[in-house]
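The values are calculated or read from the model by the stated rules, or taken from the named source; none is laboratory data. The structure displayed is predicted, hence computed values, not measured ones. All Cβ positions, even for glycine, are placed from backbone atoms using ideal geometry, and neighbour counts span all protein chains on display. With ligands, DNA and RNA removed, areas are computed over all heavy atoms of the protein, side chains included. Shrake-Rupley method; radii C 1.70, N 1.55, O 1.52, S 1.80 Å.
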Amino acid sequence: MDTDERFMWMALDLARQGRGRTSPNPMVGAVIVQESEVVGTGYHQAAGSPHAEIIALEKAGEKAKGATLYLNLEPCCHHGRTGPCTEAIINAGISRVVAAMQDPNPLVSGKGFARLSEAGIKVKEGVLEEKARQLNEAFIKYIVTGRPFVAIKAAMSLDGKIGTITGDSQWITGEKARQFVHRLRDHTDVIMVGIGTVLKDNPRLTTRIEDGGGKDPVRVIVDSTARLPIDAKVVEGTASGRTILAVTEQAPLDKLKSLEEKGVEIIKLPSMQGFVDLLALMKELAKRDLTAVLVEGGGTLNYSLLSQGLVDKLFIFIAPLIIGGRQSPTAFGGTGIESLSKAWSVKDVEMKQFDQDLLLIGYPVPGQSA
């Protein structure tokens with residue numbers, strides 16, 4: 001590993017400390033190095049707060065003159081909630097900037113590097129770029145497409161069942177696997193389920209981490225006809241966090257009024273074959289600066305999202321259980337496909353183990369004409 005990669009890893013590790021807190025901004029870490037010595041570090045902690053570069057420059061002080069600045073993302077050159085970082089870098093006397101990737105934001109993309117070069121600062125980009133892209137995959141999806149990054153989490157038995165024929169599903173996986181899921185919730189903006197999951201399990205959809213300090217995501221319930229009970233736990237929980245109900249014109253107005261009085265935010269969307277238009281829902285969430293969605297629904301919602309090309313990532317737990325039953329629910333329901341050539345494959349697969357449970361992480365790719 002060369003010197004630039006070594007310090008870039010440090011910048012990436014710093015950036016991760018902001019996971020789940022910076023949306024709709026990216027996670028950014030900064031390291032300032034003067035003659036092989038780290039003289040300043042920083043990471044972006046929340047939207048509207050100082051950027052990583054500014055924090056690192058303040059820590060470095062006069063030692064920033066002639067130093068190298070390592071960043072996992074191109075510095076901004078425009079006025080947003082904060083001032084342009086490029087000018088702060090130039091004024092601090094930094095002589096070289098090493099960055100992992102360009103910012104995909106059209107307001108910045110390439111312009112930040114150009115401004116630094118104009119000022120006589122040496123610029124090197126592309127160091128650990130793949131790692132940097134993976135870290136900020138949700139931000140990139142949001143900026144490029146105007147839609148949030150969507151991940152599905154499901155827990156199934158060895159024979160692909162997410163519950164028994166009676167609907168019993170607690171718990172398929174063990175405690176360590178469930179703690180990992182709560183960390184996923186802590187890192188995301190939205191946790192989404194269908195109304196079927198709420199009616200069956202009445203979940204709280206909150207973050208419960210062993211050592212505390214978790215952040216509750218915004219709860220989104222997909223419910224075309226507003227069947228959500230007034231006394232559901234996700235409704236009672238609006239005092240501590242937002243609950244959004246996605247409905248269609250089929251939803252009764254009096255029921256919607258009752259839910260709004262309880263603090264539930266209503267998004268009325270077009271209907272697609274009697275169900276909520278999921279693409280329209282994703283665009284509405286992005287308008288609210290919600291950039292990352294974790295879906296913990298059942299097979300109907302999962303398959304609908306997958307079949308419409310709205311799923312970016314999968315977290316599939318596999319427990320050493322056999323449930324059986326033709327009518328037992330599976331992680332992906334719907335109509336299914338007619339031939340294996342149309343099946344989704346999963347790329348860039350990563351496997352983790354939590355006691356006896358396995359976790360497969362990967363990115364779905366549609367088959368032929370899927």
Which one, HIS182, ILE230, ALA246, is farthest towards the positive end of the dipole of the range 181-269 when Lys and Arg carry +1 and Asp and Glu -1 on their Cβ? HIS182
Can you list which of the DSSP-assigned H helices in the chain have a Cα extent of 15 Å or more along the long axis and an average Kyte-Doolittle score of at least -0.5? 3-16
Using θ = phi - 60° and the Karplus relation 6.51 cos²θ - 1.76 cosθ + 1.60, list the HN-Hα couplings for the range 210-215 in order, rounded to whole Hz, with x at every Gly or Pro. 3, 8, x, x, x, 9
Which value, in debye to the nearest 20, gives the size of the charge dipole of the chain about its Cα centre, when Lys and Arg are +1 and Asp and Glu are -1 at the Cβ? 400 debye
If you put +1 on each Lys and Arg Cβ and -1 on each Asp and Glu Cβ, how big is the dipole of the range 216-332 around its Cα centre, in Debye rounded to 20? 180 debye
Paired Rg and Dmax values of the range 1-154, which use every Cα atom, in angstrom: 14.5, 51
Dipole in debye (nearest 20) - the range 145-291, about Cα centre, beta carbon charges: Lys, Arg +1; Asp, Glu -1: 200 debye
Report the convex hull volume per residue for the range 306-370, counting only C-alpha atoms, in Å³. 105 Å³
Please state, rounded to one decimal and in Å, the Kirkwood hydrodynamic radius that the range 82-147 gives when every pair of distinct Cα atoms enters the mean of 1/r. 12.8 Å
Of ASN105, SER258, SER328, farthest towards positive along the dipole that unit charges on Lys, Arg, Asp, Glu beta carbons give the chain: SER258
From the residues LEU281, THR291, ILE318, which one has its Cα farthest along the dipole of the chain in the positive direction, the dipole being from +1 and -1 charges on Cβ of Lys/Arg and Asp/Glu about the Cα centre? LEU281
Which residues qualify? For GLY241, with a placed amide H closer than 5 Å and at least 5 residues away or on another chain, they are none
Taking a cut-off of 20 Å between Cα atoms, list the aspartates and glutamates near LYS347, but don't count ones fewer than 8 places away on the same chain. GLU129, GLU130, GLU137, ASP312
The range 227-370 - accessible surface per residue (Å², probe 1.4 Å): 53 Å²
Restricting things to alpha carbons, tell me how big the range 1-85 is in terms of Rg and Dmax, in Å. 12.3, 36
Those trypsin sites (Lys or Arg not before Pro) in the range 275-350 that DSSP places in a loop and that have at most 11 other beta carbons within 10 Å: ARG326
